[in-house]
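The structure appears below as structure tokens.
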Amino acid sequence: MSIFQINFNDMFNLLGYSSRKIIVLIFSSLFISSIAQSNYKKDSLKLTKSNYMTNEKMRVEIWSDIMCPFCYIGKRQFEEALKEFSSSGKIEVVWRSFLLDPSLPKPSSKLSTYEYLAKRKGISLEQSISLHRNVSDMAKGVGLNYNFDIAVVANSFDAHRLIQLAKTFGLGDKAEERLFKAYFSEGKDMCDVNLLIALGKEIGISEVDLNQLLISDSFADEVKSDIEDAKRIGVTGVPFFVFNRQYAVSGAQGSDVFKDILQKAFTSWEKAETQLKDAKVSGKVCTPENGCE
């Protein structure tokens, strides 16, 4: 959600590389074992450590919320790095669900994004508008058009169920991209069932499958499972990128950062290494408690 309690000069600096390079985090054996215990269905990409050692592609998992402004920016930065990565054909991107504000009502709130932030964070409407404008400027830097004047504050749970369905058809990335654009650029209501059906059809899912999804609670468990996995491994904000279950990147980093971690993780994956990497973590993310900082 557009929850921007942040120093935006710092956020612009974050998109640099050299002295602002992120720090990679260690994943403990508890992290590996807890994820392996998750009970995924066959059509939901299984996540055990052995999958990572035997799969034909190295996986990059990305926890995000489609209403997180830094998640869309981070997606673009990661895509830029992946485009320049020589072994990009051997990378599998797996999108994971995260809800920044599960308490949002259905149907959507009548508050504007500016009013929502001001009320949630106890700041003035003028401050909220200024913060949103700064984020819009940041998005322009990676080729994105954010239009917060028409954005609709809405519960994203059903949109995440749509993404989970899309993943079973290999359309997870297309679903993320279309929903990000619908929210940030087009002012679409993520609680609108008819809208979700239309967007799902755009990316290639049949109307029959979409109707069945949205008249039921299908894939609700998958959404909740992703959220629980995030809690178990200590993910408190998004975007959060996990490379080969060895490296993690917290926040919307510059493409050079992603290229560096991609290469390190891929080299380890090719050697089938299982030793966890010792490092620390730091980053700028959106969190349910503190907003985007």
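Tabulated results
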quantity: Sequence of R120, R245 when ordered by accessible area, the most exposed leading, probe 1.4 angstrom; calculated: R120, R245
quantity: Long-range HN-HN contacts of V93 with modeled amide H, under 5 Å; calculated: V60
quantity: Rounded percent of accessible protein surface that carbon and sulfur make up, region 94-226, 1.4 Å probe; calculated: 50
quantity: Residue-normalised accessible area of region 65-156, given per residue in Å² at a 1.4 Å probe; calculated: 43
quantity: Alpha-carbon centroids, region 219-267 and region 128-162: separation in whole Å; calculated: 21
quantity: For region 207-215, 3J(HN,Hα) per residue [Karplus equation, 6.51 cos²θ - 1.76 cosθ + 1.60, θ = phi - 60°, Hz, x = Gly/Pro]; calculated: 5, 4, 5, 5, 4, 4, 4, 8, 9
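The values are calculated or read from the model by the stated rules, or taken from the named source; none is laboratory data. Quick caveat, the model's predicted, so the values are computed rather than measured. What goes into the accessible areas is simple: the full protein's heavy atoms, side chains included, and nothing from ligands, DNA or RNA. Shrake-Rupley method; radii C 1.70, N 1.55, O 1.52, S 1.80 Å.
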